[in-house]
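For reference, the structure is listed below as structure tokens.
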Amino acid sequence: MNVPNAEKPIAIHFGAGNIGRGFIGAVLSQAGFHVVFVDVQKDIIDALNEEHGYDLHILNNESHTERVENVSGVMSTDLETIKKISKEPVSIITTAVGAGVLPKVAKPIAEIIKTRMVDKRGPIDIVACENLQHATDLLKEEIEKELNDDECEYMQENIGFAVCTVDRIVPPFESKNILDAGVEPFYEWTVDRNSLKKTDPDVTIKGMHTTDNLDAYVQRKLFTLNCGHAITSYLGFLSHKPTILEAIQTPSIHSAVSKALRESGTALVKKHAIFNEDDHNRYIETTLHRFANPHIQDEVTRVGKEPLRKLKKGDRLLGPIEMCREFGLPREGLLMGVAAALLFAPKDSEDEQVKELKGMIEEKGLRKVVLELTGWEEGDEDVEKVVGEYEKLKGKGFDCRL
Ligand SMILES: NC(=O)C1=CN([C@@H]2O[C@H](COP(=O)(O)OP(=O)(O)OC[C@H]3O[C@@H](n4cnc5c(N)ncnc54)[C@H](O)[C@@H]3O)[C@@H](O)[C@H]2O)C=CC1
Ligand SMILES: O=P(O)(O)OC[C@H]1O[C@](O)(CO)[C@@H](O)[C@@H]1O
């Protein structure tokens, strides 16, 4: 691609996938940036450089499209072009590549930082938009590995690393144009205000909300939207429901997910003074309503994918349970969600983590795996509850137990 002409400030976004095109890239373009997408998929990059725009299909009753313009693409291996672009008026770098891929984008981002140091360019912000607490901090650690001491010093002074939470359901979308994305109307992008630098140009990004209480917002989203989504997908899988819509329309699944979210909600409201019970209950209802959007076809296998990542400490399943444990609050619904996750084994799945989890349980036995994943002590009541729920779900399936 040619370097974009510098009439507009530039945002560089890594990952031209669902969230990249359907959310973050679109918000940045609408805020007045020229958005350079960096990706490994040549067909997407070529299409971006031919079309310079695409349609966002808003998936609701009044379905309509919004045009996203001023976009182009570059392959993530094309470091020379990436370096040339970084000499232009870049204000922000964002990512939406998947938590596991973050280390791979550290190198091209480090090249951008090195180039800007040599060119004596001013501050920019970096925001990793992934479903992972502190994803930007992880990215920063990976970038540091690529820099020498002087470059690290330049980075500390000139690069704002801001943690964020990113919330919009953007499932894979079938369309004639490979760039188009299908998105739900709801979106929320919340970024840590205190880590952002004054960039040049300093663009106000409508659609990016900033806060002093980022951890609270990250946990609210991860322990509600992602927690509920994951449990819906695992119970949907166990009940032979192929999509989130069909799963959440099943009354027993709806009530089980709702129960788990009320448990996590009670803990969130107790933990974070900025939330209150009434508002949080409305947030839960909105979340359940979003899962039931009849215009979205989202497969339970996509939402439940990589179960070991979702079963990590602090993530959407064990995170809210730990918070409930901290306050001595009920957590039966959440523990049942963990048991369901441990049974997530779609037939012929190519998901490496599905295979790994199944293999771990076969090799070590369920109780040992639960102990390893949770870090709880042998004999802990929650370990026994997960094991008990697992055996019930395995024996009788989900619906039959109600
Ligand atoms: N899809 C959704 O509804 C939401 C996703 N997220 C998070 O956003 C992130 C991205 O998710 P999706 O957009 O759904 O995934 P996706 O698979 O649609 O997009 C990821 C993109 O990253 C690209 N990529 C892979 N390796 C790369 C590399 N080395 N350099 C540059 N690009 C590379 C892929 O080719 C792909 O286009 C994940 O962390 C996910 O958890 C967060 C909220 C909503
Ligand atoms: O993208 P992940 O972390 O695998 O999880 C899927 C989840 O992310 C989302 O894509 C949106 O946050 C949801 O669809 C779902 O909760």
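So the values come out like this:
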{"read-out": "In sequence order, calculated HN-Hα J values of the range 93-100 (Karplus, 6.51, -1.76, 1.60; Hz; x Gly/Pro)", "value": "10, 10, 9, 8, 10, x, 4, x"}
{"read-out": "Sequence-separation-based contact order of the chain, relative, with Cα cut under 8 Å and 6+ spacing, percent", "value": "13"}
{"read-out": "Crossing angle, helix 251-271 versus the chain [Cα axis fit, 0-90 degrees, rounded to tens]", "value": "70"}
{"read-out": "Cβ-based charge dipole, the range 215-401, positive-most Cα from 266, 369, 353", "value": "266"}
{"read-out": "Beta bridges by DSSP in the chain, antiparallel share as percent, to the nearest 5", "value": "30"}
{"read-out": "Dipole of the chain, positive direction: furthest Cα of 30, 213, 147, with charges on the beta-carbon", "value": "213"}
{"read-out": "Nearby lysines by direct alpha-carbon distance to residue 394 (threshold 29 angstrom, same-chain neighbours under 8 apart not counted)", "value": "241, 259, 305, 310, 312, 313, 347, 355, 358, 364, 368, 385"}
{"read-out": "Size descriptor, Kirkwood hydrodynamic radius, that averages inverse alpha-carbon separations across the range 215-401, Å", "value": "16.4"}
{"read-out": "Per residue value of the accessible surface for the chain (all protein chains in place, 1.4 Å probe), Å²", "value": "44"}
{"read-out": "Probe 1.4 Å, all protein chains present, accessible-area order of 63, 252, largest first", "value": "63, 252"}
{"read-out": "Alpha-carbon Debye profile of the chain, log10 I(q)/I(0) at 0.06, 0.07 Å⁻¹", "value": "-0.25, -0.34"}
{"read-out": "Net charge of Cβ neighbours under 13 Å - reference residue 15; Lys, Arg +1; Asp, Glu -1", "value": "0"}
{"read-out": "In degrees, nearest ten, helix 42-51 long axis to first principal axis of the chain (Cα)", "value": "50"}
{"read-out": "For the range 10-212, convex hull volume per residue from C-alpha positions, Å³", "value": "109"}
{"read-out": "Cα-based helix-to-principal-axis angle, 135-144 vs the chain, degrees rounded to 10", "value": "50"}
{"read-out": "Label-reachable residues, the range 136-152, where backbone N falls under 17 Å from a point 7 Å from residue 118's Cα toward its Cβ", "value": "146-152"}
{"read-out": "Relative contact order (%) - the range 10-212, alpha-carbon pairs under 8 angstrom, separation at least six", "value": "25"}
{"read-out": "Nonlocal amide H pairs with residue 161, under 5 Å, H built at 1.01 Å", "value": "126"}
{"read-out": "Extension reserve of the residue 358-residue 188 stretch, reckoned as 0.36 nm per residue once the Cα distance is removed", "value": "57.7 nm"}
{"read-out": "Percent accessible area from carbon and sulfur atoms, the chain, protein chains only, probe 1.4 Å", "value": "47"}
{"read-out": "Cα-Cα separations in the range 162-289 greater than 24 Å, expressed as whole percent", "value": "41"}
{"read-out": "Equivalent ellipsoid semi-axes - Cα gyration tensor, the range 124-183, angstrom", "value": "32, 13, 10"}
{"read-out": "Lys, Arg +1 and Asp, Glu -1 on Cβ, resulting dipole of the range 215-401 about Cα centre, debye, nearest 20", "value": "260"}
{"read-out": "Fluctuation leader among 15, 122, 100 - the chain, Gaussian network, Cα springs under 10 angstrom", "value": "100"}
{"read-out": "Cα-based reach from residue 83 at 27 Å (exclusive), listing lysines while leaving out same-chain residues under 8 positions away", "value": "8, 42, 104, 107, 114, 120, 140, 145, 197, 198"}
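The values are calculated or read from the model by the stated rules, or taken from the named source; none is laboratory data. Remember, it's a predicted structure, so these values are computed and weren't measured experimentally. FYI the Cβ positions are ideal-geometry reconstructions off the backbone, even for glycines, and counts take in every protein chain you see. Note: areas computed on protein heavy atoms with side chains; ligands, DNA, RNA excluded. Shrake-Rupley method; radii C 1.70, N 1.55, O 1.52, S 1.80 Å.
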